[in-house]
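What follows is a single structure, written as structure tokens, with notes after it.
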Amino acid sequence: MTRITDLRVFDLRFPTSQSLDGSDAMNPDPDYSAAYVILDTDAPDLAGHGLTFTIGRGNDICCMAIEAMRHLVVGADLAEVLAHPGKFWRHLTSDSQLRWIGPEKGAIHLATGAVVNAVWDLLAKQAGKPVWRLVAEMSPEEIADIVDYRYLTDVLTRDEAIEILKRAEAGKTERIATLEKEGYACYTTSAGWLGYGDEKLRRLCQEAIDAGFDHIKMKVGRDLEDDIRRLRIAREVIGPDRYLMIDANQVWDVGQAIDWVKALSFAKPFFIEEPTSPDDVAGHRKIRQAIAPVKVATGEMCQNRIMFKQFIAEGAIDIVQIDSCRMGGLNEVLAVLLIAAKFGRPVWPHAGGVGLCEYVQHLSMIDYIAVSGTKDGRVIEYVDHLHEHFLDPCRIENAAYMPPSLPGFSIEMKPASISNYTFRG
């Protein structure tokens with residue numbers, strides 16, 4: 001019997017604002033940060049690592065929220081957690097006082113994502129498998145029991161989840177072999193940050209093509225004429241046949257979004273990401289109806305499975321962009337993967353940040369092997385920075401994520417990075 005004995009939290013911040021990496025219309029000067037948690041156990045050399053991503057100020061608030069969950073985690077028996085993962089998730093999100101500052105949203109839910117994913121890191125390390133393989137090799141019933149179905153049963157029941165998962169059972173072994181051979185395709189945002197000059201944009205677009213990328217994303221939304229110029233450059237470099245996506249990071253009202261996207265339609269964008277408020281289901285639906293065939297994508301700021309339920313079931317989005325730790329970790333992400341599979345919506349995870357690429361590769365691989373059963377029309381975001389701080393960084397070959405082989409969630413940072421980037425005020 002292995003129990004969690006301690007919870008340690010670290011406020012980690014990286015000075016990305018100095019180079020404008022990550023800059024967009026809503027967030028012009030982010031300092032990529034992580035509220036980082038380590039769960040110690042009574043087993044020798046077994047600890048779980050997790051994080052939630054922020055962009056600087058407020059990271060300390062997430063750290064305090066993680067610390068506030070100590071009593072819910074310390075003492076937990078890993079065997080019990082693995083036997084009843086959905087029940088454990090309900091336990092973490094149902095503290096009668098903590099849920100008042102949520103429920104299941106905001107800083108306390110960001111903290112939940114960090115803690116839940118640290119537990120999965122523990123479970124996978126204990127099993128000697130990467131998270132994607134641990135989950136994908138479970139039975140349909142075992143995978144279904146990871147999800148908490150509260151507030152979902154009008155759209156997804158446990159029985160429906162099992163039916164979806166059973167359909168994906170056929171061909172699992174072959175899909176794992178395909179994944180290990182080909183990886184999972186990704187797109188790059190590294191060329192498109194809003195703070196980059198034209199020459200840097202041109203150079204990075206060419207480098208992306210040379211690296212094999214067929215999908216490139218550009219940030220837009222600060223100035224229309226600037227966007228037109230930048231998209232002309234990008235389309236000129238990447239040619240007419242590659243996918244160009246655009247991302248407004250929530251800066252527009254609904255009508256403004258419709259007009260702006262139409263003005264940029266000359267560049268043939270595949271989708272517009274986050275065109276308006278991340279909570280506005282009706283607004284996204286209006287935009288989607290008005291700008292077709294340009295698709296609508298959102299999700300990186302979508303705070304829980306209930307919001308995704310509405311976006312998907314109400315026909316408000318074409319592409320589901322789950323975030324690995326804005327929601328309550330793997331358990332809640334799996335609920336959204338199942339809803340997306342039921343409604344035939346492709347999942348393109350949000351990545352970049354600190355550790356998000358390391359996280360989401362596991363989630364898309366679970367989706368491919370055990371849930372949707374396909375990679376067709378699905379690509380994972382990739383941003384090429386800060387990976388050097390991880391013990392098991394994501395590995396990209398021919399513009400594809402190659403499946404991790406080391407046990408865990410690929411999220412454990414190097415001790416030197418934890419020490420060097422701990423925020424000291």
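The values are calculated or read from the model by the stated rules, or taken from the named source; none is laboratory data. All values reported here derive from a predicted model rather than from experimental measurement. Glycine gets a Cβ as well: all are built from the backbone with ideal geometry, and neighbour counts include every protein chain shown.
Annotations
- Residue within the range 173-182 that is in contact with a Pro (Cβ under 9 Å, 6 or more places away or on another chain), outside the structural domain of Ala47 (by TED's automatic domain parsing) and among the small types (Gly, Ala, Ser) present: no
- The residues on offer are Ala161, Ala168, Ala136, Ala191, and the sole one that is buried (at least 21 other Cβ atoms within 10 Å of the Cβ), of a type outside the set (Asp, Glu) and touching a strand residue (DSSP E or B) at 6+ places or on another chain (Cβ under 8 Å) is Ala191.
- Strands (runs of 3 or more DSSP E) wholly inside the range 147-251 containing at least 2 residues that are basic (Lys, Arg): 215-219
- Residue in the range 310-327 that is touching a residue at least 60 places away in the same chain (Cβ under 8 Å), aromatic (Phe, Trp, Tyr) and not assigned by TED's automatic domain parsing to the domain that holds Ile55 present: no
- Test: residue in the range 227-238 that is over 24 Å from Pro275 (Cβ atoms) and more than 22 Å from the chain's Cα centre (by Cα): yes
- His362 vs. criteria surrounded by 24 or more Cβ atoms within 10 Å (Cβ to Cβ), at negative phi, assigned by TED's automatic domain parsing to the domain that holds Asn249 and part of a helix (DSSP H, G or I): yes
- Tallying residues that are basic (Lys, Arg) and on the phi > 0 side of the Ramachandran plot within the range 379-404 yields 0.
- Only a single item in (1) touching a residue at least 40 places away in the same chain (Cβ under 8 Å); (2) buried (at least 24 other Cβ atoms within 10 Å of the Cβ); (3) closer than 26 Å to Ala127 by Cα is not met by Pro404, and it is number (2).
- Of all residues in the range 344-354, none are in a loop (DSSP other than H, G, I, E, B), among the hydrophobic types (A, V, I, L, M, F, W, C) and surrounded by fewer than 24 Cβ atoms within 10 Å (Cβ to Cβ).
- Selection of the range 338-349 for residues being among the hydrophobic types (A, V, I, L, M, F, W, C) and within 16 Å of Met301 (Cα to Cα) yields Val347, Trp348.
- Of all residue pairs spaced 6 or more apart or on separate chains, those with beta-carbon atoms under 8 Å, a first member in the range 216-243 that is free of Cβ contacts under 8 Å to residues at least 40 places away in the same chain and a second member that is part of a loop (DSSP other than H, G, I, E, B) and aromatic (Phe, Trp, Tyr) are Arg242/Phe213.
- Residue among Gly299, Gly329 that is crowded, with 19+ Cβ neighbours inside 10 Å and touching a Gly at 6+ places or on another chain (Cβ under 6 Å): Gly329
- Verdict on Ser277 being more than 23 Å from the chain's Cα centre (by Cα), surrounded by fewer than 22 Cβ atoms within 10 Å (Cβ to Cβ) and polar (S, T, N, Q): no
- Restricting attention to the range 329-357, the residues that are more than 27 Å from His49 (Cβ to Cβ) and in contact (Cβ under 8 Å) with a residue 60 or more places away in the chain total 3.
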